[in-house]
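S.K.: Below is the structure I would like to discuss, written out as structure tokens.
Values in this text are rule-based calculations from the coordinates and carry no lab data. Since this is a predicted model, take the numbers as computed values, not measurements. All Cβ positions, glycine included, derive from the backbone under ideal geometry; neighbour counts span all protein chains shown.
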Amino acid sequence: MKTLLILTDFSDVAAHAAEYACRLSLQFKSEKIILLNAYNAVQPVAQQPLTTIADKEVRQEVSGKMDKMKMTLQALTNPYTEIKFTTELTGAFEKLCKNQPLLFQERTDN
């Protein structure tokens, strides 16, 4: 099984990269695409004590964005390619890589 992992922060650049990755998944004949948004529940504010955002609120907001992104991306890939998403606290990437065989394109700048 070929799985493609797409990281997103919901920026315009991340959306463009996700669209490109979905088109690329056609060439790899990927069977699954995983969208990942890792977030930090603690957000520092300048000159203020650290504030904690309610995990449930963040998950609901991110899940809505992921659903919308998933529908957009499904149109760009094979209809048989499964697209899943996950939202996790920081550290999710490492956990996901240990549990899932993923396709990686190593970038080398020489």
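S.K.: Ordered by residue, what ³J(HN,Hα) values in Hz, to whole numbers, does the range 77-84 give under the Karplus form 6.51 cos²θ - 1.76 cosθ + 1.60, where θ = phi - 60° and Gly and Pro are x?
M.R.: Per-residue couplings from phi come out as 10, 4, x, 8, 7, 7, 10, 10 Hz.
S.K.: Any idea how far apart GLU61 and LYS2 come out in nm if each label point goes 7 Å out from Cα toward Cβ?
M.R.: According to this spin-label approximation, the distance is 3.6 nm.
S.K.: At 0.36 nm per residue, minus the direct Cα-Cα distance, what do LEU26 and LYS70 gain on full extension? Give it in nm, one decimal, please.
M.R.: Full-extension gain reported as 14.2 nm.
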